[in-house]
1. Ignoring ligands, DNA and RNA, what percent of the 1.4 Å accessible area of the range 605-701 is carbon and sulfur?
2. How much net charge surrounds Asp267 when only other residues with a Cβ under 14 Å from its Cβ are counted (Lys, Arg +1; Asp, Glu -1)?
3. Over all directions, how big on average is the projection of the convex hull of the alpha-carbon atoms in the range 288-327, in square nanometres?
4. With every protein chain in place, what's the accessible area of Trp237 (1.4 Å probe, Å², nearest 10)?
5. Report, please, the projected area of the range 548-627 averaged over directions, based on the convex hull of its C-alpha atoms, in nm².
6. Using only alpha-carbon positions, what ratio does the radius of gyration of the range 359-447 give when scaled by 2.2 N^0.38 Å?
7. Could you state the orientation-averaged shadow area of the convex hull built on the Cα atoms of the range 72-222, in nm² to one decimal?
8. Farthest toward the dipole's positive end in the range 566-621, which of Gln614, Ile593, Gln582, given Cβ charges of +1 (Lys, Arg) and -1 (Asp, Glu) about the Cα centre?
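The values are calculated or read from the model by the stated rules, or taken from the named source; none is laboratory data. This is a predicted model, so every value here is computed, not measured. Reconstructed Cβ throughout: ideal geometry from the backbone, glycine too, with neighbour counts over all protein chains shown. What goes into the accessible areas is simple: the full protein's heavy atoms, side chains included, and nothing from ligands, DNA or RNA. Shrake-Rupley method; radii C 1.70, N 1.55, O 1.52, S 1.80 Å.
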Amino acid sequence: MRKSHHETDSTRGPIRDKARKVAVTISSGRENGAIPGHDDKGDDIKKVRNESRSSEPTLQQIIHKIPTLAWCNLPDGSSEFLNQRWHDYTGLSPQEAHRAGWKVAIHPEDLPRLMAKWGALSDLEPREYEVRLRRSDGVFRWFLFRIEPLRDEVREAVRWYGTATDIEDRKRIEALRAAEKRTLEMIADGASLKDILNELCSSIDVEASPVISTVLLMDPDGKRLWHTAGPLVPRAWLPAISPVLVSPNSACCGAAAFSKKRVIVADVATHTNWPDEFKVLAIKNGIRAAWSEPILTKDGEVLGTFALYSSEPRIPTDAEIKLIEAAGHLALIAIERQRSRAALTTALDEIAKSEAELRTITDAIPQLIVAIGADGNHLYANQALLEYTGLRKEEVGTERFREVFHQEDSERLQHQREVALSQGLPFEYERRVRRRDGQYRWLLVQYNPLRDQQGKVIRWYATGTDIDDRKQAEERTRQENVALREQIDQLFMFDEIVGSSPALKTVLSGIVKVAPTDSTVLISGETGTGKELIARAIHKSSQRAGHAFISVNCAAIPSSLIASELFGHEKGAFTGALQRRQGRFELAHAGTIFLDEIGELPAETQIALLRVLQERQFERVGGNRVISTDVRIIAATNRDLTAAIASGTFRADLFYRLNVFPIDVPPLRNRREDIPMLVEYFVKRYAEKARKKITAIDKNTFTLCQSYHWPGNIRELQNIVERSIILCTGDIFSIDDAWLSSPDAPRSKSSGLLTQAVHAYEKELIEAALADSNGKVAGLTGAAAKLGIPRSTLELRIKQLNIKKPTR
């Protein structure tokens, strides 16, 4: 309703002009002709007012009688007049609806929006709003509100006139069309039947609130219905409808499927076909009424039922009946499309002899399909593919059709496609196809052969599914994972190498420099200094970080088995070799192998390792096949390899091959400034592991730790902190002074004779402990426990002092 329309309205124009003059006069405060300086116009104003008043009863009668809800509001939105039709519809009396009282008839969700827009009507232009209005029986229905201002001489609104038109049916149609569109889209996208029906129920639940919907599908035996969809169906009610027997005496769904007619249960509590236990369960779950519509094919086959549950006893409205019918029709489309898709392969086999009929069927399928001859040439494409690419039927098989496929993919897949076609077996690949808008999108192309009665391939049918969104999501995830892994590696590359002393910084600087290369690294340092942590940091910072890091403790493997462990063995190579086994070098291919305690390798294994370093080749034990390897070698030792070379226990040429980039890890006593930081690090780690809350560290602990010489280095510090955490009973961490005393504490420099005496005494103590434990090293009764040192330390000293273990 626009201004130009009113100006040409010959019926209402004169009356409204008179009303406007009266309204302007009243709003200006010039009644009874009391307008200063304009006394000669007083009679005209009275005349207009009298004419308006004389016509007012007629106008009101007309407005009361029109079949439209109409009203007049003041500029602030308060009601001045509501026609009789409005009062009859809402059930509100004139007194109840006067001024702001009319607002109670507006849906609570729509009222704030309506009033907000009302307050923004500064341009005084006619407007339209869609809101829900409560009928006298309490039911809300959608209405279209049209409002138009009445202006005074200065174009300010003195009144707002409005009408309301029922648009409930239109809104329901729009909702059903939206549900139908969404259902068809999901079918085209290949969604599962359960997902499609759940989406349909969700759409109906929103539109028909507060009722809730459900779909039950027929069992193949035709005797039972099973709940398939209905997101809002109470979970506790599901056992009652899974399954439902198809019977005239069953609940509404079973009866509807049996009779093939709509069944309405207005009150569950009084319905004779509902068993008492089902009535109690239904009422407990808020189900007081149920209405079921059978889902029937055009041949009368029952595919299932569509039902609505109401929380109060009643029969459905006409609108709800239409909703049930429409929803049942959409469910039928979804079920039949799903059945059609399942039967597609069988149908293609049956109509192989009828090319025209085959094309008709494929054109009806929303998936992209192209038929290919046995020679690999394209024969025809279905309508969906033609619409997707923008090509014509005549262009299938021509060079223009080949141009829609990305050139890079055609070159990449040409050989694969030719081989697969020659084998005659189903296959698939992913490639890019140009859409009609010029954009390339990824498709999953699946090839299936069609054979004649003799089994010969006479056709290939390729189906294409758009997977571009998935491919882009995968690429984004891959890029995010790469970035995240790089970020994590940067943050935690040296997460367990704690400290900031100059000695440690020198080591870290060496790691940063050598890591990007493939150079062999020799790490030397005392036991417990963290040589393996250094090796792992080098690997994580190298180009091989994405491959394996294999660690081998050469001192822990018997000399008779070390070659087999490193290089693998063939079946039958020695007693107990029951099958071929890969060695550590094969497992570390393209990655890094860490050879700890390299100084303990037997002489024959040193020769084999030297060959790997020189030629990058080796042979399995008991085998004669040369195996090439691409592996980076990082070695570590706590021995003086120069002295070992002099004594003849270590090969000089192997040493020079290993010592390409030496890294000397300082003992803990040479980096005392790092000790407080290490203590805090280990306290935090083991407190979390033991689920203890440590709030502070005793200051004397730091002093004590920094004054101790730490013969076992970081490993000894780690063990003492863990032990202290276990024994700690409060929230203040401390270390027992008695634990930091050792006969190996540093003394002033002594002569060689004194050193020999100390070693002799140490050897004597170890031999006595071994004799007392019958040669047993580990365990509670072993020699290590008797001496109060770690087992690994004792094993090392036994080797270094050339002690013979007594036989048991």
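1. Working: 2480 of 5120 Å².
That fraction is 48 percent.
2. Details: positive: Lys279, Arg288, Arg314; negative: Glu312.
Net charge around Asp267: +2.
3. 3.0 nm²
4. 10 Å²
5. Spelled out: convex hull of the Cα atoms, projected over all directions, averaged, 5.1 nm².
6. This ratio for the range 359-447 stands at 1.05.
7. On the way: hull surface 49.6 nm².
Taking a quarter of the hull surface, the average projection is 12.4 nm².
8. The residue sitting farthest along the positive end of the dipole is Gln582.
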